[in-house]
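Let me begin by presenting the structure, written as structure tokens, before commenting on it.
The values are calculated or read from the model by the stated rules, or taken from the named source; none is laboratory data. Since the structure is predicted, the reported quantities are computational estimates derived from the model, not experimental observations. For neighbour counting, all protein chains shown are included, and Cβ atoms are generated from backbone atoms with ideal geometry for every residue, glycine included. Only protein heavy atoms, including side chains, enter the accessible area calculation; ligands, DNA and RNA are left aside. Shrake-Rupley method; radii C 1.70, N 1.55, O 1.52, S 1.80 Å.
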Amino acid sequence: MAITASMVKELREMSGAGMMDCKKALTETDGDFDKAIEFLREKGLATAQKKAGRIAAEGIVATTIKNDGKTAAIVEVNAETDFVAKNEVFQGYVKEVVEQAANTTASDIDAFLAEPWTLDNSVTVSEKLSAMIAKIGENMNIRRFEKIVSEDGIVVSYIHAGGKIGVLVEAKTESNSDAVKEALKNVAMQIAALNPKYVSTDEVPEDYKEHEKEILMAQAKNDPKNAGKPENIIEKMITGRLNKELKEVCLLEQEYVKAENKETVAKYLEQVSKEAGTSVTLKQFIRFETGEGLEKKNEDFAAEVAAQMNA
């Protein structure tokens, strides 16, 4: 029989499952509502939707490197608690998600969630996620992913603190030696620790510079020590402060943390290039930190247990 929008809407209200899941359930059961609900329960989808309102701000970041360093992917998958984030089942699932990301052709998270799950083409990535939510018992979310395909170099990855931070670094180079990979991993560790925003000052947008300059100018004018100073002197002072700030947010201008002589990351890579006998030029980096920008719930665990018992 034909499945109408009103039928899908009614099943959604009855089960709490997602619209596409309800449509599939009705299609599979030829419009029988009782069987459709059983279908959703068996798949764990109805249960999953009831958990969807909970904040998922914990979790882990995972990376994978394929094709001898030519292809790489990074994902962030969230859960509600750090306890689940350390669970082997959850971590195994995240590894599967990042492998999916390494092979995806999707350009955004919605397209990614809609594509077939590589390990079981009978379900989508979204449906597999719903099944995992039901299995683990917490709301989960595939928050974001990125994929790099290097045509003229290699990509390396670094995971910090068991998945709290993940980094991919791509460099243009003709060498894929262990020494070059180790050097790029050192750079990835720098990115994890100091969180630069750009590769170099050449990448910094003019509007960012102007915005920071306005802030520094306001700070300077509000500082009593600058009272009576000529405008051109204040301007030079602001320029100096801005340049110093840009060195802190631009990777190549940062002081390389493992250096003993306070050389920059750019100087470090020059030395690496010299030793490798070929140029090693940083092209891009991606840094994911678990839960950044998300609101984390702060609840009394005993109160939460009591609330569940009284529900």
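Run the numbers on region 106-192 and let me know its relative contact order in percent, using alpha-carbon pairs under 8 Å that are six or more apart.
Working: 86 pairs, mean separation 16.7, N = 87.
Worked out over region 106-192, it gives 19 percent.
Under 5 Å from the amide H of residue 264 lie the amide H atoms of 256, each residue being 5 or more positions distant or on a separate chain, with H modelled from the backbone and absent for Pro and chain starts.
How big, on average over all directions, is the shadow cast by the Cα convex hull of region 92-132, in nm²? Could you put the intermediate results ahead of the total?
Values: hull surface 10.5 nm².
So the Cα hull casts an average projection of 2.6 nm².
What the Cα convex hull of the chain gives, in volume per residue, is 211 Å³.
What dipole magnitude, in Debye to the nearest 20, does the chain give about its Cα centre under +1 on Lys/Arg Cβ and -1 on Asp/Glu Cβ? Mind dumping the intermediate values first?
Details: 41 positive and 54 negative charges, 102 e Å.
The calculated dipole for the chain is roughly 480 debye.
Each Cα pair under 8 Å and six or more residues apart adds its separation to the average, and for region 21-159 the resulting relative contact order is 31 percent.
With the helix formula -39500 (n - 2.57) applied to DSSP H stretches of n ≥ 4, the chain reaches a computed 222 nm mean residue ellipticity of -15000 deg cm²/dmol. Note: relative contact order over the chain, using C-alpha pairs below 8 Å and six or more positions apart, is 18 percent. Compared with the dominant principal axis of the Cα atoms in the chain, helix 301-310 is inclined by about 20°.
Computed in the context of the full set of protein chains, the accessible area of region 149-234 at 1.4 Å probe radius has 50% of its extent on carbon or sulfur. Between residue 266 and residue 82, full extension at 0.36 nm per residue minus the direct alpha carbon distance yields a gain of 62.5 nm. Residues whose amide H lies under 5 Å from that of residue 199, counting only those 5 or more places away or on a different chain, are 251; hydrogens are built 1.01 Å from N in the peptide plane.
FRET efficiency for the residue 6 to residue 105 pair, using the beta carbon distance and R₀ = 35 Å, is estimated at 0.55. Over region 120-183, all Cα pairs binned in 10 Å intervals from 0 give whole-percent P(r) values of 16, 31, 28, 19, 6, listed from short to long.
Note on the chain: with a GNM built from Cα contacts shorter than 10 Å, the maximum mean-square fluctuation among 216, 184, 129 falls on 216. Taking all C-alpha pairs of region 1-145, those more than 29 Å from each other amount to 20 percent. Label separation (residue 275 vs residue 34): 7.3 nm, computed from points 7 Å beyond Cα along the C-beta direction. A cut-off of 5 Å between modelled amide H atoms, ignoring neighbours fewer than 5 places along the same chain, links residue 259 with no other residue.
Taking 286, 142, 215 in turn, the Gaussian network model of the chain (Cα-Cα springs below 10 Å) assigns the largest fluctuation to 215. As a rough guide to protection, the peptides 167-177, 247-257, 233-243 ranked by mean Cβ packing within 10 Å, highest first, stand as 167-177, 247-257, 233-243.
Report D for region 85-233 in µm² per second (integer): Stokes-Einstein, Kirkwood Rh on Cα pairs, 25 °C, 0.890 mPa s.
On the way: Rh = 19.5 Å.
Roughly 126 µm²/s, to the nearest whole number.
Among 101, 25, 85, which one shows the highest mean-square fluctuation when the chain is modelled as a Gaussian network with alpha-carbon springs under 10 Å? Per the Cα network of the chain with a 10 Å cutoff, 25 tops the list. Once the C-beta distance of residue 197 and residue 122 is scaled by a Förster radius of 45 Å, the resulting FRET efficiency is 0.60 to the nearest 0.05.
Rolling a 1.4 Å probe across the protein heavy atoms gives the chain an accessible surface of 56 Å² per residue.
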